[in-house]
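Novice: Below you'll find the structure I mean.
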Amino acid sequence: MQHPYEYNMLTNAISFQIKGIPTPEQERLAIAQALSDYTKKLTQCFESMPDGSGWEIKSHSVTLLQNTLLLSILLQRPRIRKADR
């Protein structure tokens, strides 16, 4: 028996810049803006994925490494049976 779902992983490195020595508030705002800009493009990423649409975000992870966010998103959708294709 085949598992009823299929999975895919979307990963990206998102760089951002802060001039000078940042305050914690400036850093938080820069991170929030970088994530906001990326999520606006996320729909386009889904549309360019192999085998079309239907993907849902099941989990995510964000890691901060200096001025770069490392973003991993776990995607899930119902498996299409061969008879349905």
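Novice: I need the shape label for the chain. Rule: rounded when a/c is under 1.5, else prolate if a/b > b/c, else oblate, with a, b, c from the alpha carbon gyration tensor.
Specialist: On the way: a/c = 4.12, a/b = 2.92, b/c = 1.41.
Taking the square roots of the gyration eigenvalues as a ≥ b ≥ c, the chain is prolate.
Novice: What number, rounded to the nearest 500 deg cm²/dmol, is the helix-based mean residue ellipticity at 222 nm of the chain, given -39500 (n - 2.57) per DSSP H run of at least four residues and division by all its residues?
Specialist: On the way: 1 runs with 24 residues, N = 85.
The helix contribution divided over the chain gives -10000 deg cm²/dmol.
Novice: Find the relative contact order for the chain and round it to a whole percent, using C-alpha pairs within less than 8 Å whose residues are 6+ positions apart. All intermediate terms of the calculation are to be shown ahead of the outcome.
Specialist: Details: 98 pairs, mean separation 37.9, N = 85.
The value is 45 percent.
Novice: How high is the relative contact order of the stretch 41-81, in percent, counting Cα pairs under 8 Å that sit 6 or more residues apart? Could the numbers behind the result be given before it?
Specialist: Values: 39 pairs, mean separation 13.6, N = 41.
Worked out over the stretch 41-81, it gives 33 percent.
Novice: What's the local net charge at Ile14, with K and R +1, D and E -1, over the other residues with C-beta under 11 Å away? Don't skip to the end; give the middle numbers.
Specialist: Details: positive: Lys41; negative: Asp37.
Residues near Ile14 contribute 0 overall.
Novice: Could you give me the ³J(HN,Hα) list for the stretch 20-29, computed from phi with Karplus coefficients 6.51, -1.76, 1.60 and θ = phi - 60°, whole Hz, x at Gly and Pro?
Specialist: Whole-Hz 3J(HN,Hα) from phi for the stretch 20-29: x, 8, x, 7, x, 5, 4, 5, 4, 5.
Throughout, read-outs are computed from the coordinates displayed, never taken from laboratory work. On a predicted model such as this, the values are computed, not experimentally measured, just so you know. Note that each Cβ is placed from the backbone with ideal geometry, even for glycine, and that neighbours are counted across all protein chains shown.
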